[in-house]
Amino acid sequence: MKKLLSGAVVAGGLLSMSFGAAATTISWTDWQSSTSNTASGELLAGGQTVGVDYSGTSNHHFVQTGTGTNYWSGPAYTNGSVDNAPTPAELVALNTGGTVTINFSETILNPYIAINSWNGNVVNFDTPITFDSIGTGYWGTGSVGSQTPTGFTGVGELHGVILLSGSFDSISFTHIGENWHGFTIGVEGLAPVSQVPVPAAAFLFAPALLGFLGFRRKVRKA
């Protein structure tokens, strides 16, 4: 299950831009290893290391793990509330369309997805999204075309940042194929403890624990 606790609902059910918000420093993923359709990395959130794992139903084009061209150049990623662009040369380049799933080792708060050159791509997430920023990037300039509460169509060379408000342990989205279009993941921080779900086993154990404590209190009164 992806979204654990919703944040603010996108006004009117449409994608919106959050320009003008207070600047937020984002911890972007350090991608460290990959196979033909997976990649693993980590980021720092609240002083804690969080594992990030991506998998796709189709093979990707390539994964950058800190070396090579910086495709995150340009103001596209800092025109909104984010004050730091993604880490240079850290990018997953998708190719053939399909479904992408991103899992986190800890429940994280307000994930950001930076996108690079989503030209004509049709995208749908499993949760509502907001465009925090768009603008000129490495390949030029694009815009957001048709929209739904959870998806969009890229027009031209779309570069920018998408915000998913709330607490998550996983995210998924569908996309279509093209030469390649890149992404990376960042987060604002860890979810507050009050927003982290209690494992189902705890709910099964709780009645027995309460009963045991009640029994001990009765014994002490006897």
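A few comments on the model shown:
- Rounded if a/c under 1.5, otherwise prolate or oblate - the range 63-139, Cα gyration tensor axes: rounded
- Within the range 44-177, all pairs of alpha-carbon atoms sorted by distance into 5 Å bins from zero give the percentages 2, 10, 19, 24, 26, 15, 4, 1.
- Positive minus negative residues near Trp139 (Lys, Arg vs Asp, Glu; Cβ under 14 Å): -2
Here, each number is a calculation from the coordinates, and none is a lab measurement. Because the structure is a prediction, the values reported are computed rather than measured. Glycine gets a Cβ as well: all are built from the backbone with ideal geometry, and neighbour counts include every protein chain shown.
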